[in-house]
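The values are calculated or read from the model by the stated rules, or taken from the named source; none is laboratory data. All values reported here derive from a predicted model rather than from experimental measurement. Cβ sites come from the backbone with ideal geometry, for glycine too, and all protein chains shown count toward neighbours. Keep in mind that these areas ignore ligands, DNA and RNA; they rest on the heavy atoms of the full protein, side chains included. Shrake-Rupley method; radii C 1.70, N 1.55, O 1.52, S 1.80 Å.
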Amino acid sequence: LALARLAASEARRFATEATVLPERVAAARALVRLDASTAPEATALVLGADLDLQPSRKPLAIKHFEDALRALQHDLRASQTDLDAFRSLARARFPRATAFANPP
């Protein structure tokens, strides 16, 4: 139990230091796997990520947004409001991508 708390603390620290989407998604998944009650906090980390650049300072690719959406849906079990907000951000970035269309 103490080891799990330490791991969760480290994941939380990494998540707050990380700003870009892929790092935030990884940290959010780790938080939820260590403690399911952190799902709302993990969702906020993903939604608050920098959506402009990746660690190499290259623009984020559509795959990063698709991975984040999958994480929000399945790993973090985000609310419909949060999913819609993320889809809206992703659609603005990739207007022709069908991956971010609202579900029927």
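Placing unit charges on C-beta atoms (Lys and Arg positive, Asp and Glu negative, everything else neutral), compute the dipole magnitude of the chain about its Cα centre in debye, rounded to 20.
Roughly 240 debye for the chain.
Once phi is turned into ³J(HN,Hα) by the Karplus curve 6.51 cos²θ - 1.76 cosθ + 1.60 with θ = phi - 60°, what whole-Hz value does each residue of segment 23-28 show in order, with x for glycine and proline?
Those phi angles translate into 5, 5, 4, 4, 5, 5 Hz.
I want the local charge near residue 62. Using Cβ-Cβ distances under 12 Å, sum +1 for each Lys or Arg and -1 for each Asp or Glu among the other residues.
+2
Report, to the nearest 10°, how far helix 80-93 tilts away from the longest principal axis of the Cα atoms in the chain, using its own Cα long axis and a range of 0 to 90°.
50
If I stretch the segment between residue 79 and residue 13 completely, what's the gain in nm (0.36 nm per residue apart, minus their alpha carbon distance), one decimal?
21.4 nm
Roughly how far apart, in whole Å, are the Cα centres of segment 58-103 and segment 1-46?
Cα centres, segment 58-103 to segment 1-46: 19 Å.
Pick out, in residue order, every one of the trypsin sites (Lys or Arg not before Pro) in segment 69-104 that is DSSP loop and has at most 16 other C-beta atoms within 10 Å; say none if there are none.
Listed in order of number, the matching sites are 77, 96.
With N denoting the number of residues in segment 44-104, provide Rg(C-alpha) divided by 2.2 N^0.38 Å, to two decimal places.
Scaled against compact globular proteins, the figure is 1.07.
At 1.4 Å probe radius, can you tell me the per residue accessible area of segment 17-90 in Å²?
50
In whole percent, and with a 1.4 Å probe on the protein chains, what portion of the accessible area of the chain is carbon and sulfur?
With neighbouring chains kept in place, the figure for the chain is 56 percent.
Kirkwood Rh, the chain, all Cα pairs: how many Å?
Hydrodynamic radius (Kirkwood, Cα only) of the chain equals 13.9 Å.
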